[in-house]
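S.K.: Below is the structure I would like to discuss, written out as structure tokens.
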Amino acid sequence: MQAGEIENMPGELTPQERKEILGTLTRAFDDTSAEVLIDAMDRVAAHRAQAIILEGFQELKAIIATLAQAQARTEQALNELSQAQARTEQRLEELFQAQARSEARIDRLEAAMQRLAEAQARTEQRVEELAEAQARTEQALQQLARQVGGLSETVGGDIEDIAYIVLHDVLAREFGWEVGLLERSWQQWDGELEEVNIFGQARDPARPDLPIWIIGEAKHNLTMREVERFAKQVERARKHLEGLLFPVAFCYRARPEVQARLRELQIRLVFSYGRLV
């Protein structure tokens, strides 16, 4: 092999190296042997260079394969990151939409609360107006009660005045009694002071020594409750009055059951037109 043919082969000896080695060999060998030896050395160097290059190429291929795998993993990771980013963006979009819906609901809630507040204000105003109306009504009722009370007292006084006159005539006509003054009176029985609608005395000429006590109740419309109350008053009077006790009720009107109860209690009844029952 000529020097010019192997000049550019990777791993071969350079011309200078070849010249120096050849000079060394010619001192120990003849020229032909020296040439053979230098060619052998050159081929060995070239072979070793090719082996090194091949080994490096294999290592490079392994590195490239590793890099390719790493690149693939990187791309996969990037793809996963991209998908995660997409999901994150979608989630953010959903959150933004939910936020928007929440804000809309809050706006509606605030509007509803405002309407409720306004309705509450109107209700409170109405309640205040009703309270004022109630106060006026109560005041009117109080005035009416006073008027009715006054009228009741007037009517009660009138019926008592009529009872004094009618009873005076009825008792004189029916029994022949000499009837004294009949009037409203206060009597203290059982330690308590109580008012009697009709109270007075009468005298029976047939029994002049027998005191006759007239105790009566005068009502426009005589009720069962008033009869029961009057009956208790009569019992208290019996404990404190000596002589004959003549209990009598005077009224314009009395229901049949009221009249029946008076008969059970042995209390006489005189109607306003002069009838004795």
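The values are calculated or read from the model by the stated rules, or taken from the named source; none is laboratory data. Small disclaimer: the values here were computed from a predicted structure and weren't measured. Every residue, glycine among them, receives a Cβ derived from its backbone with ideal geometry; neighbour counts consider all protein chains shown. Each accessible area value is taken on the protein alone, full model and side chains, heavy atoms only, with ligands, DNA and RNA left out. Shrake-Rupley method; radii C 1.70, N 1.55, O 1.52, S 1.80 Å.
S.K.: Please go through segment 241-264 and give me each residue that is part of a helix (DSSP H, G or I) and either under 18 Å from Ala202 (Cβ atoms) or among the aliphatic types (A, V, I, L, M) (or both), ordered by number.
M.R.: Of everything in segment 241-264, those that are part of a helix (DSSP H, G or I) and either under 18 Å from Ala202 (Cβ atoms) or among the aliphatic types (A, V, I, L, M) (or both) turn out to be Val258, Ala260, Leu262.
S.K.: Within segment 162-178, can you find the residues that are open to solvent by less than 20 Å² (accessible area, probe 1.4 Å) and in a strand (DSSP E or B)?
M.R.: If the condition is that a residue be open to solvent by less than 20 Å² (accessible area, probe 1.4 Å) and in a strand (DSSP E or B), then no residue fits.
S.K.: Would you pick out the residues in segment 182-234 that are aliphatic (A, V, I, L, M) and part of a strand (DSSP E or B)?
M.R.: Listed by number, the residues that qualify are Leu193, Val196, Ile198, Ala202, Leu210, Ile212, Ile214, Ile215, Ala218, Leu222.
S.K.: Moving on to the next point. Among (1) exposed (fewer than 12 other Cβ atoms within 10 Å of the Cβ); (2) out of contact with any Asp or Glu (no Cβ under 8 Å at 6 or more places or on another chain), which single condition is Lys239 missing?
M.R.: For Lys239, the exception is condition (2).
S.K.: Next question. Pick from segment 80-94 the residues that are open to solvent by 80 Å² or more (accessible area, probe 1.4 Å) and modelled with pLDDT under 80: which of them is nearest to the chain's Cα centre (by Cα)?
M.R.: Restricting to residues being open to solvent by 80 Å² or more (accessible area, probe 1.4 Å) and modelled with pLDDT under 80, the top hit is Arg91.
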